[in-house]
1. Using amide H atoms built 1.01 Å from N in the peptide plane, name the residues 5+ places from Q192, or on other chains, whose amide H lies under 5 Å from its own.
2. What's the exposure ranking of K274, K374, going from fewest to most Cβ atoms within 10 Å?
3. Assuming 0.36 nm per residue, please report the length gained on full extension of the stretch N237 to L263 beyond their Cα-Cα distance.
4. Tell me, how many Å apart are the Cα centres for the stretch 214-253 and for the stretch 130-189?
5. So between R86 and R434, what do we pick up on full extension, going 0.36 nm a residue minus the alpha carbon distance?
6. Just to verify a number: FRET efficiency for Q391 and E155, C-beta to C-beta distance, R0 = 51 Å, to 0.05?
7. Which of the three applies to the stretch 362-435, rounded, prolate or oblate, going by the alpha-carbon gyration tensor with a ≥ b ≥ c and a/c under 1.5 meaning rounded?
8. Would you please give the FRET efficiency between E33 and N352, computed as 1/(1 + (r/R0)^6) with r the Cβ-Cβ distance and R0 = 56 Å, to the nearest 0.05?
Amino acid sequence: MANEVRTTQEILAKLKIENLNPMQEEAGIAIVESPNVVLISQTGSGKTLAFLLPIMAALDEGHDKIQALILVPSRELAIQIEQVARNMGTGRKINAVYGGRSSAKDRMELTQMPSLLVGTPGRIADHIRRGFIDTSTIHTLVLDEFDKSLEVGFEEEMREIVGSLTGLQKRVLTSATQGVDIPNFVGLRDAQWVDYSDQTVERLEIKRVLSPQRDKLSTLAQLLQHIGNKRGIIFCNFKDSIQRVSEFLDEKKISHGSFYGGLEQRDRERALIKFRNETYNVLLATDLAARGIDVPEIEYIIHYHLPHREEEFIHRNGRTARMHHGGTAYVLHWTKEELPDFVQQYEVEELNKSTHLKQSEWCTLFISGGRKDKISKGDIAGLFYKQGNIQKDELGMIELKNDCAFVSVKKTIASDMVHKFNNTRLKKKKVRVREV
């Protein structure tokens, strides 16, 4: 394609990244030069881009079959990798398949095979069994967060998938955790290790916040006012706790979203979309959000509950102070609570500031048309600017999916835009528009 982005520097410019970090540079060289690579690096260090750059560059432009397969432990990580790969603008066909959405939808998208396929082991294995995926042309396999895939019970499916890859030439395994066991069925031989697990996150601060009461809700509210109008994640251990904290934040009129395993996949995706586009700046989450989700640079995380294992403590903290940005992790600590061994006696943060928490100026609109309807982000922006007659600062982030789109607009114009555009034509498709 004439407009294809071909060089690393052009891709980085498109992604608004100035330079690769040392881990990404070393991993890229290793993946090009070695048939088997194990990449160990912290959550948030940029592993996705580290393996996508060399893998996308190696795809044959004239090949209309699957050449590379990326297996991931969660739907959210599949969606994230698909989005990063698309944003690279290489012109290669990319698809993601995962549980929680219609298999028929997958099959329709797979009628034209992608060059790069991303998916969860359960859904990929099912499609292979049914003959919807031809594995004979796959030469590259990435097991992203492979230890997590094993931990959540995908070993049987992973074994089955790897066994079907008869033309496999390259294997890349990634993890954020050092000392993980690699199963024999992966077939790793003489692997080159790129290990950045001991690289400390210099921009991360960890502080304790003392709660005089066992019920930490009041202290949480004080902490949020102390932090101010910044973007962050509050981690809880259980769904019930999230619901309780959510009700409390509602009472305090603190705008927020929730993300946990019990939610429908659609609701989980929309919670992340609204967090990314600033419909709200606070996300309540279980450890499902500790790794493998696509969220913007956030300035803090709060451990409302401490996790049971050090590994999850590290992964949670890795959601902030990512790449070249700083961040703070707050441990909300009841004064009589015994801290686990992996939590040090970090400096205590005194809550002496109180900022008025503003309601977000943004809301999210749903549009019932997407890529399959030949609709682009430019088409949507043009609709709002030209026919909606809005100002540039009234339109925010546009997220384009295969069959729909989500648009962030200022609350002051949202109802007017819905009234103006619902049941109108965008390109050749009559679309529905409503507030999410």
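1. Long-range HN contacts for Q192: N36, V37, V38.
2. Numbers: K274 22, K374 11.
Ascending number of Cβ neighbours within 10 Å: K374, K274.
3. Gain on stretching N237 to L263: 7.9 nm.
4. Going from one Cα centre to the other spans 39 Å.
5. 122.7 nm
6. Efficiency, from the Cβ-Cβ distance: 0.40.
7. On the way: a/c = 1.55, a/b = 1.45, b/c = 1.07.
It comes out prolate by the Cα gyration axes.
8. The formula returns an efficiency of 0.55 here.
Any read-out appearing in this document is the output of simple, stated calculations on the displayed coordinates, not a laboratory observation. Please read all numbers here as calculations on a predicted model, not as lab measurements. Every residue, glycine as well, gets a Cβ built from its backbone with ideal geometry; the counts of neighbours run over all protein chains shown.
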